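Asker: Dropping a structure here in structure tokens format, bear with me for questions.
The values are calculated or read from the model by the stated rules, or taken from the named source; none is laboratory data. What you are looking at is a predicted structure, and each value in this text was computed from that prediction instead of being measured. Don't worry about glycine lacking a Cβ; one is built from the backbone with ideal geometry, like all the others, and counts go over all protein chains shown. Ligands, DNA and RNA are stripped out before the accessible areas are found, and what is left, the full protein with its side chains, is counted by its heavy atoms. Shrake-Rupley method; radii C 1.70, N 1.55, O 1.52, S 1.80 Å.
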Amino acid sequence: MIVRLPNWLGDTVMAVPALRALRETLSGAEIMLAGPWAPILAGQGLADVLVAYPRSWSGRLHAADTLRRFGGDSAVLLPNSFEAAAAAVYWGARRRVGFALGGRSWLLTDAIEPPRPRLHQTDEYALLVEPLDVAVSARAPRLDPPAAGSPARVRARALLSEAGAPARGEGRRVVGVHLGAVYGSAKVWESSRVVEFCALLRSVGDAPVLLGTPRERPAADEVLAAVPVASLVGRDRPELLPALLPELDALVSGDTGVGHLAAALGTPVAVLFGPTDPALTAPRGPVAIVRYPARCAPCFHRVCPIDHPCMRFLDAATVKGRVEALLVGGG
């Protein structure tokens with residue numbers, strides 16, 4: 001059995017309930033998970049083999065040969081692309097299950113009509129394992145963080161310390177603020193609001209920590225020029241995230257994969273929604289959804305064509321209140 005995982009971190013996390021049900025139901029089957037974010041699932045007991053199936057075509061051609069040698073007789077295709085179905089044919093999978101989208105139905109043995117209206121992504125992935133007589137009962141993704149004494153956790157604590165953040169349990173609550181979104185700038189909280197939010201946290205003794213990829217360094221520099229906070233922007237590598245996120249008391253993020261991963265690991269998350277729809281992609285777990293009721297949202301634009309009201313009017317005090325409610329267990 002081969003499962004082609006989604007291309008994005010958040011979608012990969014949202015697939016976990018279906019993957020867990022598949023593993024538990026087909027306990028005697030050998031399962032391979034293949035996708036760009038497959039390594040993030042290491043140690044979760046979801047598969048026998050994990051393959052980091054890259055996004056680049058040259059890398060995929062090499063990985064496709066690895067999957068072909070695996071010899072899986074069935075393939076569940078979570079991405080809706082034509083390429084995913086064509087690759088499954090090349091792998092030699094005699095049964096190919098996926099949604100009837102992207103002009104690929106003729107390549108699928110089980111072409112599932114997508115639901116109308118569309119469901120939450122986690123629930124749609126659950127539909128794709130039903131043809132295999134797999135029922136998904138738990139619909140909140142759950143991942144086990146690395147052990148507190150593991151080398152990864154020790155490294156995460158060292159990074160936080162180097163950045164000037166206190167350790168958990170030292171009397172100050174550590175709140176991560178993730179600055180970016182691969183989707184596009186429409187999902188991003190503007191820097192002036194982040195500055196206000198970090199200042200509010202500091203005023204009550206909490207310790208904000210900026211997170212993000214190297215792409216977010218300009219935004220981080222704007223924040224750091226206005227308020228003294230710890231920053232791991234450009235240093236919180238993807239492979240370190242499962243160890244780093246459990247070291248936070250809470251996280252604030254946009255509708256991004258990091259928010260999904262944090263919630264699955266048990267870290268409370270305040271998720272700022274603007275151009276996208278929480279009914280379709282909100283993380284499940286210890287989560288607070290924060291929205292401004294802009295008339296144009298959700299628009300699903302990657303770049304806002306007007307003045308970004310959905311995110312611009314999300315004020316720092318509101319977000320701070322939702323984080324506080326999460327920290328005291330009120331949701």
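Asker: Once R0 is set to 35 Å, what does the formula 1/(1 + (r/R0)^6) return for the Cβ-Cβ distance between Ala86 and Val303, expressed as a FRET efficiency to the nearest 0.05?
Answerer: 0.65
Asker: Per DSSP H run of n ≥ 4, the term is -39500 (n - 2.57); total these for the chain, divide by its residue number, and report the mean residue ellipticity at 222 nm rounded to 500 deg cm²/dmol.
Answerer: Values: 13 runs with 118 residues, N = 331.
Helices in the chain give a 222 nm mean residue ellipticity of -10000 deg cm²/dmol.
Asker: Sticking with this one: Name the residue from Val177, Leu244, Leu67 whose Cα lies farthest towards the positive end of the charge dipole of the chain, charges +1 on Cβ of Lys and Arg and -1 on Cβ of Asp and Glu.
Answerer: The residue sitting farthest along the positive end of the dipole is Leu67.
Asker: Helix 191-203 versus the longest principal axis of the chain: what angle, 0 to 90°, nearest 10, using Cα atoms?
Answerer: Between the helix axis and the principal axis of the chain, the angle is about 60 degrees.
Asker: Just read off the accessible area of Val303 with the full protein assembly in place, 1.4 Å probe, to the nearest 10 Å².
Answerer: 100
Asker: What does the highest-first list of 73-79, 273-279 look like by mean Cβ count within 10 Å?
Answerer: Values: 73-79: 23.0, 273-279: 20.1.
Output ranking for 73-79, 273-279: 73-79, 273-279.
Asker: Ok, one more. How do 98-104, 262-268 rank on mean C-beta neighbours within 10 Å, highest first?
Answerer: Descending packing order for the listed peptides: 262-268, 98-104.
Asker: Cβ under 15 Å from Val204's Cβ, Val204 left aside: what net charge do those residues give with Lys, Arg +1 and Asp, Glu -1?
Answerer: Net local charge, Val204 excluded: +1.
Asker: Post the alpha-carbon centroid distance, region 257-331 to region 98-128, in whole angstrom.
Answerer: The two parts, judged by their Cα centres, are 27 Å apart.
Asker: Taking 1 over the mean of 1/r across every pair of different Cα atoms in region 1-125, what Kirkwood radius in Å do you get?
Answerer: Result for region 1-125, one decimal place: 14.4 Å.
Asker: Kindly express, to the nearest 10 degrees and within the range 0 to 90, the angle between helix 16-25's C-alpha long axis and the longest C-alpha principal axis of the chain.
Answerer: Computed tilt is about 40 degrees.
Asker: Let me ask something else. Take the solvent-accessible surface of the protein heavy atoms, probe 1.4 Å, and return the percent of it on region 55-99 that carbon and sulfur atoms account for.
Answerer: 55
Asker: Report, in debye and to the nearest 20, how large the dipole of the chain comes out about its Cα centre when Lys and Arg carry +1 and Asp and Glu carry -1 on their Cβ.
Answerer: 200
Asker: Let me ask another. For region 179-213, list residues with backbone N below 15 Å from a point placed 7 Å from the Cα of Tyr292 toward its Cβ?
Answerer: The answer is 186-197, whose backbone nitrogens lie closer than 15 Å to the label point.
Asker: Moving on to the next point. For the chain, set up a GNM with springs between Cα atoms under 10 Å and report which of Gly321, Gly176, Gly28 has the largest fluctuation.
Answerer: Result: Gly28 has the largest fluctuation of those listed.
Asker: Which one of Ile31, Gln44, Trp91 has its Cα pushed farthest toward the positive end of the charge dipole of the chain, where Lys and Arg give +1 and Asp and Glu give -1 at the Cβ?
Answerer: The listed residue farthest towards the positive side: Trp91.
Asker: At a 10 angstrom cut-off on C-beta neighbours, averaged per residue, how do the peptides 232-240, 178-186 rank from highest to lowest?
Answerer: Those peptides, ordered most packed to least, come out 178-186, 232-240.
Asker: Can you give the accessible area per residue of region 26-115, in Å², using a 1.4 Å probe?
Answerer: 45
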